[in-house]
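Data first, discussion second: the structure below is written as structure tokens.
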Amino acid sequence: MDFSSALPTFVITLREGVEAALVVGIVLACLKKAKQSYLNPWVYGGVGAGIAASAMVGVIFGWIVQALSKSNQPYAPVMEPLLEGVFSVVAIAMLSWMLIWMTQQAKFMKATVEGAIADTLKRNIGVSAGWGVFSLIFIAVLREGFETVLFIVAKFQQGLIPSIGALSGLAVAAGIGVLLFKWGVKINIRLFFQVMGVLLLLVVAGLVVSTLGHFDTAMATLAQMDRKSAALCFYYERFARNHSCILGSMVWNTTKILPEDKFPGLLFNALFGYTDKLYIVQAVGYILFLLTIGGIYFRSLTNRVGGTIKNRKLAQETGSSGDAGN
């Protein structure tokens, strides 16, 4: 049984799940502080509803994709790789935005959530307050779940194994939440997000490579089916001996050294988008993604660290001045 397809869903779900767990933990702590713990069931209800809604979205997306790719229309063979490519583009955009936005907004998360809860409790009482808390948790969980669903659909990862990866990620994320907020275990959550951020960056960069491959397969299939569409494959023998349809000449062919359908190539393919036949457009896309999105991400990390050090120095200087005045 091949468990490699569970790894990407585990990484994505763990990363997204911990973020959602932090929101849940902060809300529970706020309710306890405000002596409103009777609203805790609304929090758990929001978590359950958010997970269920995310799963439902995944089922609907999967059903639509299968129906279109297996339909009897003339261009049905083109639809599956084309839909994979389209969903992958959306997943790349969403996951990249989430990675950068979360890195920039992480230091404001606690204050934002606490402010939202305080405002909800101030404006509402009883059942109205419960629905306000429920809505906050539901939206937070659904947002993280939607990004995970998009990734799974983009890779057409259906069946038991990817589901095991997703459920395992959720379980570990829930465990981290319990350790942090229930048992008070000290975890370097900043380091966790930094490591997971780098891993997620590599996963999405691999998705860029596979996305371009999907579009190339779709165009090649269309060109074979329709002579009028043959011009879409502009990279033929006149340009390169080992060519693709739209991806240019081949950069490497490692099928004999590290095939993508055998371990460990299978693992690298599932997690990082490794392919034993890499073309020039894929290589350029991979590098450009790491330079742009990766560059923004690491600059965000640097700015956060620099800002934290600056604030600490300012606090120390202020404290020293106060002591001197006394």
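The values are calculated or read from the model by the stated rules, or taken from the named source; none is laboratory data. In this text, all values refer to a predicted model and were calculated from it rather than measured experimentally. Positions of Cβ are backbone-derived with ideal geometry, glycine not excepted, and every protein chain shown enters the neighbour counts. In case anyone asks, the SASA skips ligands and DNA or RNA and just uses the protein heavy atoms, side chains included. Shrake-Rupley method; radii C 1.70, N 1.55, O 1.52, S 1.80 Å.
What number of residues within segment 120-130 satisfy the criterion of being in a helix (DSSP H, G or I) and either farther than 17 Å from Leu28 by Cβ or hydroxyl-bearing (Ser, Thr, Tyr) (or both)?
5
Given (1) closer than 30 Å to Gln66 by Cα; (2) at pLDDT 80 or above, where does Val178 come up short, assuming only one miss?
(1)
Listed here are the residues, each with its yes/no results for (1) in contact with a Phe, Trp or Tyr (Cβ under 9 Å, 6 or more places away or on another chain); (2) open to solvent by 30 Å² or more (accessible area, probe 1.4 Å); (3) in a helix (DSSP H, G or I); (4) closer than 19 Å to Leu291 by Cβ.
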{"residue": "Ala173", "(1), (2), (3), (4)": "no, no, yes, no"}
{"residue": "Ile187", "(1), (2), (3), (4)": "no, yes, no, no"}
{"residue": "Phe192", "(1), (2), (3), (4)": "no, yes, yes, no"}
{"residue": "Val198", "(1), (2), (3), (4)": "yes, yes, yes, yes"}
{"residue": "Val204", "(1), (2), (3), (4)": "yes, no, yes, yes"}
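Taking only segment 175-185 into account, find how many residues are free of Cβ contacts under 8 Å to residues at least 40 places away in the same chain, in a helix (DSSP H, G or I) and of a type in the set (Val, Ile, Thr).
The total comes to 1.
Let's see how each residue does on (1) within 22 Å of Asn124 (Cα to Cα); (2) of a type outside the set (D, E, K, R); (3) at pLDDT below 90; (4) open to solvent by less than 10 Å² (accessible area, probe 1.4 Å):
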site	(1), (2), (3), (4)
Leu22	no, yes, yes, no
Lys32	yes, no, yes, no
Pro41	yes, yes, no, no
Gly46	yes, yes, no, yes
Phe61	no, yes, yes, no
